[in-house]
Structures are given as C-alpha cells and as structure tokens.
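Where a number appears in this text, it was derived from the coordinates with a stated rule and is not lab data. The structure presented is a predicted model; accordingly, all values stated were derived computationally and were not measured. Ideal geometry is used to build each Cβ from the backbone, glycine not excepted, and the neighbour counts take in all protein chains shown.
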C-alpha cells in the first residue's frame, strides 16, 4: 500500500492544479482518487452548458449540467423570462411542441396569410398591414418591425404573449 502512495499523491497534486479537486474523495491522497463525489457536492442547473465557479483563490471548477436542456425546456425557461405566467406553462409546452417541435426556425408556408413563423407558429396576419392595423398588429404594439423577427425565440414568445393576452388560446385552435 505504501508503494502506491507517491503516484496517488502526484495524481492528487495534478488534479488540484487542474481544478479537479472535486474528483478527490479523501482527506489525504493515500485513500484514493476518482472516488464518488462527496455528498457536499451539488450540481447546479444553469441555462448554459457550463458555468465557471471559483472553488478557491487558486483554481476554478467547471460545472456542467448533467442533463442538457431540450429545445422545449429552453423555450419554456425563456417564456418565463419574457413574462409568460407560470400557470400557463403546461399549455404553452403543448403549443410549442405541437406547432414547431420547439424549433425557432420553424416555418409553415401552407398556413394562410403568408405562413406561420417560429416557436409559436405566429401567423403573418399578426404582422401584416390591414385596414385596422396599417403597420400590422404586432408593429402597432412595438413588438417587432417585420415578420422575419419572429424567428428570434424571445421576440416570438413576447409576440405570442401579446396575442394570447388579446385573444386567449384561440389563435392556436385551443378553446
């Protein structure tokens, strides 16, 4: 057992230099390396894949979300961020999945009035000129300038929120 002490100490030293000290589950190097993380380590969920968090004055540790977020999870988090009420998340999740499979670049050219755009498949009707809205409904509400902006996920969700507040779920065929 003493013969392994030097290599383990060297591995422990290298791990601490590289900021991998969380892989050590021993108060001293003679007890082993790469053991299970101590119970005090907790995974952080973050909206991005990796976050650098300081662990001491000399090193940092990169935390990676053990479960990468799906397109729908990211879209729902963004929906909350732009003001959608939490009480509507279940229904919004269904709409996002049904309409676009949560893909911001989705376009349905077969929908009337110029097609439907983005996450919520907002119909061009909402951003085209009409008798009642000479610049378009969404433009009149200062949400965008052109329909092409509906491919930006945050703009699409803000526009969808404004439409939902105006008309409920009816534009998406939900009563």
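Data overview
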{"item": "Relative contact order, percent, the stretch 71-172 [alpha-carbon distance under 8 Å, six or more residues apart]", "result": "23"}
{"item": "Burial ranking of peptide ranges 139-146, 82-89 (average Cβ count within 10 Å, highest at the top)", "result": "139-146, 82-89"}
{"item": "Nitroxide proxy distance, nm - points 7 Å out along Cα→Cβ at residue 151 and residue 74", "result": "1.6"}
{"item": "Peptides ranked, highest mean first, by Cβ atoms within 10 Å: ranges 112-122, 95-105, 127-137", "result": "112-122, 95-105, 127-137"}
{"item": "Residue 141-residue 90 FRET efficiency (beta carbon distance; Förster radius 30 Å; 0.05 resolution)", "result": "0.70"}
{"item": "Net length gained if the chain between residue 167 and residue 81 were fully extended (0.36 nm per residue, minus Cα distance)", "result": "28.8 nm"}
{"item": "Modelled label reach - residue 105, point 7 Å along Cα→Cβ, the stretch 64-89 residues with backbone N closer than 18 Å", "result": "70-72, 74-75"}
{"item": "Value in Å of the Kirkwood radius, where the stretch 71-172 supplies the Cα pairs that are averaged", "result": "13.3"}
